[in-house]
Amino acid sequence: MPAFVAARHSFRLLFLLLLFSYAPKLHAGGPRRFALPAGQSPVAVLTAGRQTYLVTEQGVFQCRGRQLVPRYQSAVPIRCALATDSVLWLGTDQGLRGLNPRTGRSRPALLPAPIAQAPITTLFQGPDGALWTGVPGYGAYRQPAGGAWEAALSIPTVNAGLSTVADSAVWLATNIGLYRQQHGQWTRYNEEGVGNHDIPDNIVERLLPDNAGNLWVLMSEGISVFPGADQEEGAELPTVRFIGRAGNAVYGVAQLPGQGHVFATGMGLLLLPSQSADALASLATPATDRVESPQRLVPLRLARTPATPTLLQVDARRRIWLAGPEALTVWNGKQFRQAVRAAAQ
């Protein structure tokens with residue numbers, strides 16, 4: 001082989017070796033960070049096709065590169081949001097609107113006249129693809145695929161709602177308990193419940209799913225966990241009074257296999273480490289005043305991440321999104337687990 005050919009071959013091989021040796025370091029870096037314009041309050045991160053959007057109370061932004069590109073500005077506060085195949089649905093203080101993310105144009109949803117301009121408190125898609133929404137003073141409404149909106153549950157207040165895949169159920173958080181619809185039948189969980197229909201408080205404020213299929217039910221006087229796996233009939237729900245301290249708001253939760261649960265709270269990010277094969281069962285201590293002893297909850301400080309994120313979501317690609325008043329960050333699963341492990345030491 002001529003000397004210049006051998007030299008070129010060696011140089012190419014050396015370049016490839018250097019490229020692959022540096023690639024893991026680049027991949028293992030910090031999160032992608034988007035600076036939020038001043039005055040924005042994060043509501044949800046939505047994925048539509050290959051595009052990702054940040055919805056705030058004030059509008060909708062598209063995540064493009066490392067920039068948040070404005071796509072829509074709302075005249076009234078946005079309270080909840082949902083992405084379907086071609087529409088971003090926005091629940092506002094004055095009704096429900098459908099946004100075309102390509103054109104940035106919105107239109108009002110054809111809700112029944114009494115609730116057309118009413119505040120929307122929750123918005124989600126049921127197991128059968130139907131749209132669900134909650135309206136104060138009227139209750140829950142649903143729209144079957146290709147059909148008209150119809151009343152689903154008449155109840156004074158709907159604070160939150162979602163559906164769970166494992167049991168094909170719809171859940172509604174209200175001021176008179178937690179409602180679950182499965183196979184067309186409603187079950188109510190409340191303070192006066194019997195069997196395993198008992199929860200510590202009737203005022204259910206928020207519903208938080210984690211990426212392991214568990215449902216965290218946040219009440220004014222406690223937090224209960226409905227495990228994603230089938231639960232033995234009559235088994236007591238894992239329940240605690242609060243996480244961190246009394247009055248500490250919880251905005252989101254993610255489960256990290258082998259590491260525990262990470263909570264986005266008013267105290268910042270908190271890690272509840274795993275200690276047993278059944279971590280949720282270890283929380284079933286209704287008489288306690290906290291999720292675990294103070295030594296068990298580990299505060300996390302992650303680089304380039306909001307100190308007190310008010311949004312934590314895990315998307316279908318298992319990326320972790322964290323948003324606060326100043327920034328939105330996204331981690332891939334491996335990066336986030338490594339960062340949490342290092343911060344917890």
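The values are calculated or read from the model by the stated rules, or taken from the named source; none is laboratory data. Quick caveat: nothing in here was measured; it's all calculated off a predicted structure. Don't worry about glycine lacking a Cβ; one is built from the backbone with ideal geometry, like all the others, and counts go over all protein chains shown.
If I go through the stretch 96-107 residue by residue, how many of them are closer than 13 Å to residue 133 by Cβ and out of contact with any Pro (no Cβ under 6 Å at 6 or more places or on another chain)?
2
Go through 121, 133 for me and flag whichever is surrounded by 14 or more Cβ atoms within 10 Å (Cβ to Cβ), in contact with a Pro (Cβ under 7 Å, 6 or more places away or on another chain), touching a residue at least 40 places away in the same chain (Cβ under 8 Å) and closer than 23 Å to residue 46 by Cα.
Working: 133 fails: in contact with a Pro (Cβ under 7 Å, 6 or more places away or on another chain).
Result of the check over 121, 133: 121.
Quick test of your reading of the structure: residue 182 fulfils all but one of (1) modelled with pLDDT of 80 or more; (2) over 19 Å from residue 134 (Cβ atoms). Name the failing condition by number.
The one condition residue 182 does not meet is (2).
Look at residue 76 and say whether it is modelled with pLDDT of 95 or more, of a type in the set (Val, Ile, Thr) and surrounded by 18 or more Cβ atoms within 10 Å (Cβ to Cβ). First the steps, then the outcome.
Numbers: modelled with pLDDT of 95 or more: yes; of a type in the set (Val, Ile, Thr): yes; surrounded by 18 or more Cβ atoms within 10 Å (Cβ to Cβ): no.
So residue 76 fails the test.
Could you give every pair whose Cβ atoms fall below 7 Å, whose first residue belongs to the stretch 146-163 and is in a strand (DSSP E or B), and whose second residue is modelled with pLDDT of 95 or more and acidic (Asp, Glu), counting only separations of at least 6 or pairs across chains?
Within 7 Å, the pairs are 159/205.
For residue 192, which of the numbered conditions (1) under 28 Å from residue 95 (Cβ atoms); (2) surrounded by fewer than 18 Cβ atoms within 10 Å (Cβ to Cβ); (3) among the charged types (D, E, K, R) fails to hold?
Here residue 192 clears every test but (1).
For the stretch 89-118, enumerate the residues that are in a loop (DSSP other than H, G, I, E, B) and farther than 22 Å from residue 47 by Cα.
The answer is 93, 94, 110, 111, 112, 116, 117, 118.
Can you name every residue in the stretch 38-68 that is under 23 Å from residue 318 (Cα atoms) and among the hydrophobic types (A, V, I, L, M, F, W, C)?
43, 44, 45, 46, 48, 54, 55, 60, 61, 63, 68
Taking the stretch 28-51 only, how many residues are under 27 Å from residue 121 (Cα atoms) and without any contact (Cβ under 8 Å) to a residue 40 or more places away in the chain?
Qualifying residue count for the region: 4.
Would you check if residue 95 is at pLDDT 95 or above, of a type in the set (Gly, Ala, Ser) and within 24 Å of the chain's Cα centre (by Cα)?
When the stated conditions are applied, residue 95 passes them.
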